1. How many nm is it between the label spots at T48 and Q227, if each spot is 7 Å from the Cα in line with the beta carbon?
2. By per-residue mean of other Cβ atoms within 10 Å, what is the highest-first order of 125-132, 64-71?
3. Give K71/K100; K71/K280; K100/K265; K113/K233; K78/K265 a once-over and call out the pairs whose C-alpha atoms are over 29 Å from each other.
4. When every alpha-carbon pair in segment 230-314 is counted, what percent end up more than 18 Å apart?
5. Summarise the long-distance tail of P(r) for segment 10-311 by giving the % of C-alpha pairs beyond 33 Å.
6. Sorting check: for 290-303, 178-191, which peptide has the highest mean count of neighbouring beta carbons within 10 Å, and how do the rest follow?
7. Apply the Karplus parameterisation 6.51 cos²θ - 1.76 cosθ + 1.60, with θ equal to phi minus 60°, to every residue of segment 178-195 and state each ³J(HN,Hα) to the nearest whole Hz, in sequence, with x for glycine and proline.
8. Taking the simple approach of a point 7 Å from Cα along Cα-to-Cβ for both V59 and K100, what is their distance in nm?
Amino acid sequence: MLITKVLLAAIGACFLSAAPGNRDAGKSDMQDSTRQIVSHLQTIDVTTLDRQIVLDTAVHLEAPNWTPDGKSLIYNSKGLLYRIPLQGGTPELINTGFAKRINNDHGISPDGKMLVISDQTENGSSLIYTLPQEGGAPVKITPKGPSYWHGWSPDGETLAYCAERNGNYDIYTIPVTGGDEQRLTTADGLDDGPDYSPDGKYIYFNSVRTGTMQIWRMENDGSNPEQLTTDEKNDWFPHPSPDGRWVVFVSFSKDVPPGQHPPEKNVELRLMNLQSGEIKVLASLFGGQGTINVPSWSPDSKRVAFVSYSYTQP
């Protein structure tokens with residue numbers, strides 16, 4: 001489900017906007033004629049670092065969401081959406097109607113009644129739709145594309161997403177029923193990955209505006225942006241925990257261009273304590289694109305779901 005990424009061009013310490021990642025549905029950059037990709041869908045305890053496998057499969061899958069009832073994970077694979085019990089088992093295909101090119105930007109409403117997807121079936125450009133959690137006909141929310149969903153406000157009323165308009169990728173919000181979109185970021189460079197704090201006051205996001213990809217947050221109207229990470233790594237996709245104590249994100253090395261989050265990289269899943277600012281490594285893994293693109297916290301804030309990858313030997 002991956003799309004060719006437009007390279008960021010360096011201008012001094014800043015970078016121009018580019019397409020936010022390899023997200024084209026139904027395609028994978030993790031291809032090798034002599035080896036077979038294996039996806040490892042798993043969860044990790046953020047305190048003990050205990051890891052539990054939910055599914056090992058020779059199919060490329062991405063971007064788990066944890067359902068609000070705590071019982072299942074939802075993920076995408078080959079343009080479709082699946083649900084699997086937390087204890088493992090046979091994945092269930094979710095009926096998404098005409099939407100057959102779903103990329104790795106999807107999620108679940110706070111009350112668990114609705115799903116949101118970013119899909120490219122209509123005209124090849126990613127658009128955002130909602131549908132019932134049990135499956136059904138998608139309803140278009142964003143008439144313009146490309147638009148990539150990332151966050152649902154805790155009150156259920158607003159969607160946050162990354163979108164390209166007039167050559168620049170920024171963060172936008174829109175009512176969950178559709179309507180006028182609101183642009184929240186205007187800085188030079190790519191802004192991506194918006195996700196709401198559990199109280200709805202803040203939107204966390206990643207931005208390349210300082211020259212490397214770092215984690216930021218702002219008020220939910222786009223005001224008062226604040227940089228949270230300042231390291232040499234390139235940090236993507238911040239997800240605050242339901243209890244408001246933590247933010248989990250994925251970190252690429254400084255050798256990866258700041259505006260890209262490719263697959264097949266050695267990356268770190270990292271956790272920030274929002275009170276102290278301390279950051280610790282939860283896991284070092286082979287992955288990147290598809291590992292933790294969307295919110296994946298357990299409802300009790302104890303575990304995070306993610307995907308790592310490996311290749312079988314020829």
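All of the numbers you see were taken from the coordinates with simple rules; none came from a lab. All values derive from a computational prediction rather than experimental measurement. Glycine also receives a Cβ, built like all others from the backbone with ideal geometry; neighbour counts cover every protein chain displayed.
1. 3.9 nm
2. Packing proxy ranking, top to bottom: 125-132, 64-71.
3. Violating the 29 Å limit, Cα to Cα: K113/K233.
4. That fraction is 42 percent.
5. 14 percent
6. Peptide ranking by packing, descending: 290-303, 178-191.
7. Once rounded to whole Hz, the list reads x, x, 7, 8, 10, 7, 9, 10, 9, 5, 5, x, 6, 10, 8, x, x, 9.
8. 1.6 nm
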